[in-house]
1. Please report the relative contact order for chain A, taking Cα pairs under 8 Å with a sequence separation of at least 6, and give it as a percent rounded to a whole number.
2. What accessible area per residue comes out for chain A, rounded to a whole number of Å², with a 1.4 Å probe?
3. Of the DSSP beta bridges with both residues in chain A, give the percent that are antiparallel, rounding to the nearest 5.
4. What is the set of long-range amide H partners of residue A:820 at a cut-off below 5 Å, with H atoms built 1.01 Å from backbone N?
5. So how many Lys-Lys pairs in the range A:282-373 land under 17 Å Cα to Cα, not counting same-chain pairs under 8 apart?
6. Sort out for me the Cα centre separation of the range A:465-491 from the range A:734-769, rounded to whole Å.
7. Multiply the residue gap between residue A:643 and residue A:54 by 0.36 nm, knock off their C-alpha separation, and tell me the result in nm, one decimal place.
8. Take the cross-link list A:177/A:591; A:157/A:270; A:53/A:585; A:730/A:765; A:42/A:89 and give me the ones stretching past 21 Å between alpha-carbons.
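The values are calculated or read from the model by the stated rules, or taken from the named source; none is laboratory data. Here the structure is a predicted model, which means the values were calculated and not measured. All Cβ positions, glycine included, derive from the backbone under ideal geometry; neighbour counts span all protein chains shown. When the accessible area is computed, the model is the full protein with side chains, heavy atoms only, and any ligands, DNA or RNA have been set aside. Shrake-Rupley method; radii C 1.70, N 1.55, O 1.52, S 1.80 Å.
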Amino acid sequence: MYMARVFKPVQKKTATKAVHTPAIYDPKKIEPILQKKWEKEKIFKALSSKKTKKKPYYVLSMFPYPSGAGLHVGHPRSYTATDIVARKKRMEGYNVLNPMGYDAFGLPAEQFAIQNKVHPKKAVAMNVATFEKQLKKLGFSFDWERKINTTDFEYYKWTQWIFLKLYNSYYDINKKKALPIESLVKSFTKKGNANVSAFTTEEVRSFDKKEWLSMSPLQKQEALMKYRLAYEGEAQVNWCEELGTVLANDEIVDGKDGPVSERGGYPVTKKNIRQWFLRITAYADRLLSGLEQIEWPQYVKEIERNWIGKSEGAEILFKLNVPGQDDGKHSVTVFTTRPDTLFGVTFLAISAELAETWIKVGWGADKKVAAYIEQVVKDHQKNDFDASQNKTGIFTNIYAIHPGTQEKIPVWIANYVLPGYGTGAVMGVPAHDERDFEFAQKYSLPVVSVISSEEEKFPFTGEGVLKNSNIFNGLKSQEAKQRILEKVGGKLVTRYKMRDAIFARQRYWGEPIPLYKDKNGVIHEVKKLPLVLPNTTSYEPTGTGEGPLANITSWKKAGYETNTMPGWAGSSWYHLRYMDANNKKFFADLKEVKYWKQVDTYLGGAEHATGHLLYSRFWHKVLKDYGLVVTEEPFKQLVTHGLILSSDGRKMSKRWGNVVNPDEVVATYGADTTRLYIAFMGPYGESIPWSDESIIGCRRFIERLYKKTQSIVVDSVDKSDISAEKAIHKLIDKITKDINAFSFNTAVAKAMETINNIDSLQVSKKDISLMLQVLNPFIPHVTEFLWNELGNKEKINTAIWPKASKKLLIEDTITIGVQINGKLRGTINIKPNSPENEVKEAAQKEENIVKYIDGKEIIKVIYVPNRIINIVIKG
RNA sequence: GCCGGAGUGGCGGAAUGGUAGACGCAUUCGACUCAAAAUCGAACGCAGUGAUGUGUGAGGGUUCAAGUCCCUCCUCCGGCACCA
């Protein structure tokens, strides 16, 4: 059981005036009534742009997977923050969009269904109902009318529509935007030479009109696949036998014996398979540069930057002398980020995979070499392969011609050269690369330095510039570098680590891919969306690599794709659906999109940095290219939260049995206390253990506030004590600033301090109302209840957010510290902004200070206005 | 290995270079009570009866003044990792 201590309501018969008002705070009575009222009056409804002149403010928490376990206290941490911001912004006069929905496709929902032997659809409906009941108990100000569920066909219809948009697009590298695939076809069928500037990771081919027109539909299809933003291709993928599906890199974690699936912990291996992909690499540069214009935590940006992995360098061509073949007939291109070290190259190292392809085109590798290649290729298949401790290699008997010196340098196969990056071949520069150095040492290869001494500053012209790394690097323009490189058969290129995203899962519970193949293998789009996921009872994995949909005869017969979309498809654009959630004609009306523009504040976990966040940015950019959205980025500000750990400091998990259920907390303490504690427990971005003991302090605070306010309801005064008024205005100031900074814990601390300070003072209805109002975002039920008790005519939810009076923020007297040689020895009270000489004088008269300075020589006195005074004495 | 972030009482945590430990929990004492709970009041970094000394992961430094800035190191968390 979760409860460490049962809260008992106050049993005290207080004042004689208690006859008029209920002195006992009972959230069970207050909260459900207000929640029903809010729902009935729809006061948190976000208005359509047509119906308001208010400025929009869009705040969003990442929507949950409605898992079978129900809500977990981690969820409300995010939603409490969203709600605090939303309620404050509403009072500040914004038309606030604070929606909620469910991300219900994907593995978790399907596995829950399989384990519990219910249809995923039923399971999702059940779980959603549970979530919703739990969420509503916490009193979040969501606009429930905009609720979405990614598994509703009214929703996934548009997921499919966007997929087709991607399928029917290519990326124009000159215009730097997506364009319809037809315009690419048009450029092929123009007269004369086709001028294709389309992005592709494969070999670029353009076609002239005659050639294009002579091609079969299948040939055309194959040609266009290389450009489409959603395309079918073959690739090595992460295959999970147990789950019978392909997984994305971010769905895999390191297990004890190699990589395993994040969900279930099953082993993952590499496998070649035909797959749907999204060409996210086309947007690598925009995904990178877009980071500059958004207010995200630096570390999340860094994660994305690392993931995209841009590196600028050069490709350089080396001619090869292969034994038994004409010299220079073959060649290899290397990729390097250090073209300036070209003259330090003493060998070439190629990947085993590249060597394999050389054998295929007629290179006669001897047995020893062939065996080595086989071994390394096998090693590379292992996900956890690491050669950093043991670099090995073998000489190929092939020599390359150095393009600068024309000298013969040996070509080696090395296990540290990876097939998936660059060209799979590197130039070995032992003098300026640690790995190359290690390798050269092991195999006794020469080391040549190209960092020359100062005197040789400008001894070279033309390609000779490359003989000195400093001179090449000192070239100002990229063009100059390019010109030098061209002389040695090189060119500047940019490479990215990021790969295209696999967009298919061999699972049942996902959006069907709206395409089918006719009997000739030609792909057609489904014209009438949605392509509804067929109902079936056999949705367990086939294990063959085909999706469970292959088990459905009619589906298979119609030629539909048997794979479904991955879990992140629906979440890649949901932020747009909320803008116009009930639109039957389009995913969101452009007028609404133009009004809301983008999510102003997005709250969620940083673990989505290389998944959901990157994918949504990508989709958003594609839609931007078509003018269907108006901003380059979907989420202007991102705020990440820490985890709520269990009180034992571990992660909450069913496995440990240490999960705190918000329902029980609400039942014991009330929704307001739960929310307040979540806000108070610590900095929003940090992971913090839940404490069954500490929460009581938040409940006590609410009771004090309740009691104080009730006493004001009964004997109200016209004017507050000045110090109470000041305390409340300071609180207004602090809370306003702290909510803006997501520093909820300090805002709550100040509120506690305030109630402690004003408890014994006279406070007017007007002033306590101000306090209730700024606390409303945190504890909406009790503050609204008390606000009404005080007889306020206006609704608390629509009252204007108060401004702290500047005059009241100023203190009459302040206490400042007096230091002797930097050590605090006393304090004095002064009026703010007192003249410096008066303060200095007062300090030196202070009793404690006199003891220290008596008879000593004062070297100097430093006064920091209204802060501190430091007397520096000798000895 | 590289790139971020962090390390403060018994615990969660506060501190624009300027009175370290706000606020809350726990603990101790007191009031109320037959009693307990609740509530209210007080104490509460460590050492010392006390004056006082000392103290923000460790060690140096800058400064009148350092939790905060700089250098070296340690530990923890997150990310990337033979990416050429």
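1. It rounds to 14 percent for chain A.
2. I get 47 Å² per residue for this part.
3. The antiparallel fraction comes to roughly 75 percent.
4. Amide H neighbours of residue A:820, under 5 Å, 5+ apart: A:825, A:871.
5. Total qualifying Lys-Lys pairs in the range A:282-373 comes to 4.
6. 64 Å
7. 208.5 nm
8. A:177/A:591; A:157/A:270; A:53/A:585
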